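One structure is given here, and the rest of the page talks about it.
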Ligand code: 13P
Ligand code: SF4
């Protein structure tokens, strides 16, 4: 038995003993994405919308979140009766950290009456100021649904520009943007995409909404591909008859895609999210061990009830919309 297998077994034992479920994002290291029914630790693996829905209906006493802080916070907002735990508080997000509640209040004062759509990659105090949340999976439909001529979309400037291009053409609606950026997806420049296309001319290109708009345009010309959420990317590969794909998203999603579609070939520039990678098997084990001891405070996700209720409203509006 190697060390990793022992850690997995110990996590599985503690899950049963302490009544814990584990939710794991598609950007986690591969060993954190193996499902419990296949001998791994994850009860649910998904994108940020899927994980929010799983958190809302989770019926174990404890949720250990293998994802980043804003995701674990969203789980707590949606299911406050459960104890939610995050294996590392270093698991931030450059988008969530780019904006505060005070920033949104200033924007609202500058653009009175303009609806505010907050990407799920924000902290509770930012969500609390928004009219509705969105994830990368439903952003386009939610932005389209507003009748107003203008919409404040925050905090991802590139995702905002990608949405703007499509929405303006359809409805003439103008998006007012913030200047947040995903430190992973901003690295997919047009030059990087065109270089990869030159080497792999038959490959379709898969890019997340958070990739810069000029790189998305480059990705979609020629053989083509898709711009979308993590789930859109996974679905597109499943439905495409193409055999080769260039991935413009987080590196470990490449491992997930290879596991799902072993007959297809993925070219994956390995750019890892340093926040997601804070979550390891070892830290997940420490978290499970800590539950019920004095150490548990290091991992607990909590927030004031007044803030939770204000942040809940725009998330619930999003879920009703979905
Ligand atoms: P998804 O909504 O596609 O899961 O994206 C989450 C994220 O952090 C993207 O960088
Ligand atoms: Fe945030 Fe980007 Fe990391 Fe996703 S990949 S958690 S958006 S920094």
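Here, each number is a calculation from the coordinates, and none is a lab measurement. No experiment lies behind these values; they were computed from the predicted model shown. In this analysis, Cβ positions are derived from the backbone assuming ideal geometry, glycine residues included, and neighbour counts consider all displayed protein chains.
Round to the nearest 0.05 the FRET efficiency obtained for residue 60 and residue 10 when R0 = 22 Å and r is the Cβ-Cβ distance.
E between residue 60 and residue 10, to the nearest 0.05, is 0.80.
Mean separation of Cα pairs under 8 Å and 6+ residues apart, divided by the residue count of segment 1-68: what relative contact order is that in percent? Could you put the intermediate results ahead of the total?
Details: 96 pairs, mean separation 24.9, N = 68.
Averaging sequence separation for qualifying contacts and normalising by length gives 37 percent for segment 1-68.
Based on alpha-carbon positions alone, could you give the equivalent ellipsoid semi-axes of segment 254-305 from the gyration tensor, as √(5λ), descending, whole Å?
Numbers: eigenvalues 235, 36, 23 Å².
They are 34, 13, 11 Å, listed from largest to smallest.
With all pairs of different alpha carbon atoms counted, what Kirkwood hydrodynamic radius in Å does the chain show?
It works out to 20.3 Å.
Calculate how large, on average over all directions, the projected area of the Cα convex hull of segment 231-285 is; give the answer in nm² to one decimal.
So the Cα hull casts an average projection of 4.4 nm².
Starting from a Cα-only point model with no solvent, please compute log10 I(q)/I(0) by Debye for segment 185-267 at q = 0.15 1/Å.
-0.44
Say each of residue 244 and residue 168 gets a label point 7 Å from the Cα, pointing the same way as Cα to Cβ; how far apart are those two points in nm?
Distance between the two pseudo-spin positions: 3.5 nm.
Quote the relative contact order of the chain in percent (integer), defining contacts as alpha-carbon pairs under 8 Å separated by 6+ residues. Before the final figure, lay out the partial values.
On the way: 626 pairs, mean separation 66.8, N = 322.
Computed value for the chain: 21 percent relative contact order.
I'm checking a number: the convex hull volume of the Cα atoms of segment 96-177, normalised per residue, in Å³. What is it?
Dividing the Cα hull volume of segment 96-177 by its residue count gives 77 Å³.
Write down the Å³ per residue value for the convex hull defined by the alpha carbon atoms of segment 196-322. Don't skip to the answer; put the middle values down first.
Values: hull volume 21.2 nm³, N = 127.
Considering the Cα atoms of segment 196-322, their hull volume per residue is 167 Å³.
Applying 1/(1 + (r/R0)^6) with R0 = 30 Å to the Cβ-Cβ distance of residue 144 and residue 300, what FRET efficiency is obtained, to the nearest 0.05?
0.20
Quote to one decimal, in nm, the extra length available between residue 100 and residue 309 on full extension: 0.36 nm per residue of separation minus the C-alpha distance between them. List each step's numbers first, then the result.
Working: separation 209, 0.36 × 209 = 75.24 nm, distance 1.73 nm.
The span from residue 100 to residue 309 would gain 73.5 nm if fully extended.
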